[in-house]
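Comments concern the structure below.
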Amino acid sequence: MKNPEAQQDVSVSQGVRTIFYMMKPNETSFQTLEEVPDYVKKATPFFISLMLLELVVSWICKGKPPGRLDDALTSISAGVLSRLPSLFFRSIELTTYIYIWENYRLFNLPWDSPWTWYLTFLGVDFGYYWFHRMAHEVNIMWAGHQTHHSSEDYNLSTALRQSVLQIYTSWIFYTPLALFIPPSVYAVHLQFNLLYQFWIHTEVITNLGFLELILNTPSHHRVHHGRNRYCIDKNYAGVLIIWDRIFGTFEAENEKVVYGLTHPINTFEPIKVQFHHIFYIWTTFWATPGFFHKFSVIFKGPGWGPGKPRLGLSEEIPQVTGKEVPFSSSASQLLKMYTVVQFALMLAFYEETFANTAALSQVTLLLRVCFIILTLTSIGFLLDQRPKAALMETLRCLVFLTLYRFGHLKPLVPSLSFAFEVFFSICIAFWGVRSMKQLISGPK
């Protein structure tokens, strides 16, 4: 999926159907990897459309939005961070797969056969089940996957809360397919399996009748995201819930689900959301005596401790009362509006960067990525009301003007160039004054 010119266009009908895994083999069979469309990238407008639809339906049916602004911004921030490495490298899931296919394949199934297409669908979904299960049962893998579970809301934006680290372990579970499935077929289903899991992150769909027996649905996946004791380590399915039914990890939705980690991290800062569990493992590793106990800290479950079973003790999971209050930002509504504006500007530069990657130098790409990370971090600081938030935002605005002046960032509408400079100059002055006042007054 490297040469955009060789890729086929995706129609509106196909874009909608990819999200629900309703594409036909004859529409999505390609001889070479270069011909495979970037379905995930092309799905962005449909993500936005469905999120707006969810907002409208939730307002009509429940009289309130499906989630909170601060949580949604953090979820989308995680999704942005997770895709940044792809600006520089081909996905490790594809790189390792191609290597095994080219050097160790046992036989070559025909790329244009419907049987190959359906077998790959089952193979990728089966691989995802076991990856997902291990991501909950192996602590070092949970360090990546926990990002996705850290939201205390459950809506379509939660689906975008993806991990930077997760991809570096998930590829292992698909490698057996490389012994006989062509990379172009695998690349299609790897994307479809991910896209399908977008629409099941919602509370506006309650029950889908007989489909609940076969497919992973919003109801089943709500259980998976719950921190209630009955929800823990259940419903790992990607597309087909039959894997959970077969391997004994299925649980139906009954009592009200409370979402998030069993021990909430209470932050909207994206770097902490991504990496806090890695730091926890690091400190626990050195604090735990004995080589085998240290080994267990990394490779046993997140709840393991000396003298406990591999996955820990269920009675140590905090009991849910149903009265839990999700962590929310104490920032003013005006400040939240400001973060939304800055976030929207960052998204515009982010999308433009991905659209024109081939035309940008490596230096410009690197500087843009650093600016995006700095922007997301600064927004997190502002929402968390961190003491250094004003200083961070001053620095970020200065970086923007510097990159802008040297041509590494450009406004999407050239006629707005002067307006951009004025706006960010005002931001620098405002946040600079605030940071100076804080430095003078000292910490509270």
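The values are calculated or read from the model by the stated rules, or taken from the named source; none is laboratory data. Keep in mind it's a predicted model, so treat the numbers as computed, not measured. A quick note on method: Cβ atoms are made from the backbone with ideal geometry, for glycine too, and the neighbour counts reach across all protein chains shown. Side chains included, ligands, DNA and RNA excluded: accessible areas come from the protein's heavy atoms. Shrake-Rupley method; radii C 1.70, N 1.55, O 1.52, S 1.80 Å.
Numbers at a glance
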quantity	calculated
Residue match in segment 377-394 (condition: hydroxyl-bearing (Ser, Thr, Tyr), within 24 Å of the chain's Cα centre (by Cα) and surrounded by 12 or more Cβ atoms within 10 Å (Cβ to Cβ))	yes
One residue from Ile373, Ile426, Ile440 being modelled with pLDDT of 95 or more, over 28 Å from the mean Cα position of the chain (by Cα) and in a helix (DSSP H, G or I)	Ile426
Helices (runs of 4 or more DSSP H) wholly inside segment 125-221 that include at least 2 residues being closer than 30 Å to Ser113 by Cβ and either under 19 Å from the mean Cα position of the chain (by Cα) or modelled with pLDDT of 95 or more (or both)	167-170, 183-199
Restricting segment 408-421 to residues that are touching a residue at least 24 places away in the same chain (Cβ under 8 Å) and open to solvent by less than 80 Å² (accessible area, probe 1.4 Å), the residue that is farthest from Leu366 (Cα to Cα)	Leu409
Tabulated pairs, segment 89-117, first among the hydroxyl-bearing types (Ser, Thr, Tyr), second open to solvent by 70 Å² or more (accessible area, probe 1.4 Å), C-beta under 8 angstrom, 6+ apart or interchain	Thr95/Phe89
Residues satisfying the stated conditions in segment 222-256, i.e. surrounded by fewer than 19 Cβ atoms within 10 Å (Cβ to Cβ) and either assigned to a helix (DSSP H, G or I) or among the small types (Gly, Ala, Ser) (or both)	Arg229, Tyr230, Ile242, Arg245, Ile246, Phe247, Gly248, Ala252
Hits in segment 77-107 (condition: modelled with pLDDT under 95 and outside any helix (DSSP H, G or I))	Phe88, Phe89, Arg90, Ser91, Phe107
Test: Tyr39 is surrounded by 14 or more Cβ atoms within 10 Å (Cβ to Cβ), on the phi > 0 side of the Ramachandran plot and touching a residue at least 40 places away in the same chain (Cβ under 8 Å)	no
Segment 346-361, subset farther than 22 Å from Phe424 by Cβ and touching a residue at least 12 places away in the same chain (Cβ under 8 Å), residue most open to solvent (accessible area, probe 1.4 Å)	Ala358
Top-ranked residue in segment 257-302 [being of a type in the set (Val, Ile, Thr) and assigned to a helix (DSSP H, G or I); ranked as surrounded by the most Cβ atoms within 10 Å (Cβ to Cβ)]	Val273
